[in-house]
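Taking it in order: structure first as structure tokens, then the write-up.
The values are calculated or read from the model by the stated rules, or taken from the named source; none is laboratory data. Only a predicted model underlies this, so the values are computations on that prediction, with no experimental measurement involved. Heads up, the Cβs are rebuilt from the backbone with ideal geometry, glycines too, and the neighbour counts pull from every protein chain shown. To get the accessible areas, we keep the full protein, side chains included, count just its heavy atoms, and leave off ligands, DNA and RNA. Shrake-Rupley method; radii C 1.70, N 1.55, O 1.52, S 1.80 Å.
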Amino acid sequence: QVQLVESGGGLVQAGGSLRLSCAASGRTFTTYAMGWFRQRPGKEREFVASISASGVNTLYEASMKGRFTISRGNAKNTVSLQMNSLKPEDTAIYYCAAGATMATTTTPYNYWGQGTAVTVSS
């Protein structure tokens, strides 16, 4: 069992940066791949980035690659999402998730946090 709690959301101007964090409980954190997803107003939940259990491999949604960076600290049971050059269309609820393998769809992820809201003003 893994419990996930996101933090770091807030209001930022376009072009600014935010760093989201996800704190995980449970001794098996290091065995899970982690992902960040987001849900924009009126839209389906969509993939943002994923990182392998070891932290060696990463995946990004194409439009976010180069602006967003996912990382994890296994010693502290955390996963982070550094978001730079933010745009108004990045406004969303951001969720972290844990699953057996890296994936760009929601189905393989077994555990989800409650989300943290990011608002980017123009």
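Listed values, structure above:
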item: Output for the range 49-63, where each listed residue is in contact with a strand residue (DSSP E or B) (Cβ under 6 Å, 6 or more places away or on another chain) and either open to solvent by 60 Å² or more (accessible area, probe 1.4 Å) or under 19 Å from Thr106 (Cβ atoms) (or both); result: Ala49, Ser50, Ile51, Ser52, Ala53, Thr58, Leu59, Tyr60, Glu61
item: Members of the range 81-107 that are assigned to a strand (DSSP E or B) and within 14 Å of Ser54 (Cα to Cα); result: Ala98, Gly99
item: Per-region count, the range 64-90, residues open to solvent by 60 Å² or more (accessible area, probe 1.4 Å) and either of a type in the set (D, E, K, R) or over 20 Å from Leu11 (Cβ atoms) (or both); result: 7
item: Filtered residues of the range 108-122 (kept if over 10 Å from Trp36 (Cα atoms) and either assigned to a helix (DSSP H, G or I) or hydrophobic (A, V, I, L, M, F, W, C) (or both)); result: Ala117, Val118, Val120
item: Subset of the range 92-110 (residues that are loosely packed, with under 15 Cβ neighbours inside 10 Å and farther than 12 Å from Phe47 by Cα); result: Ala100, Thr101, Asn110
item: Residue in the range 41-50 that is out of contact with any Asp or Glu (no Cβ under 6 Å at 6 or more places or on another chain), of a type in the set (D, E, K, R) and modelled with pLDDT under 95 present; result: no
item: Residue in the range 28-42 that is more than 12 Å from the chain's Cα centre (by Cα), closer than 18 Å to Gln114 by Cβ and buried (at least 16 other Cβ atoms within 10 Å of the Cβ) present; result: yes
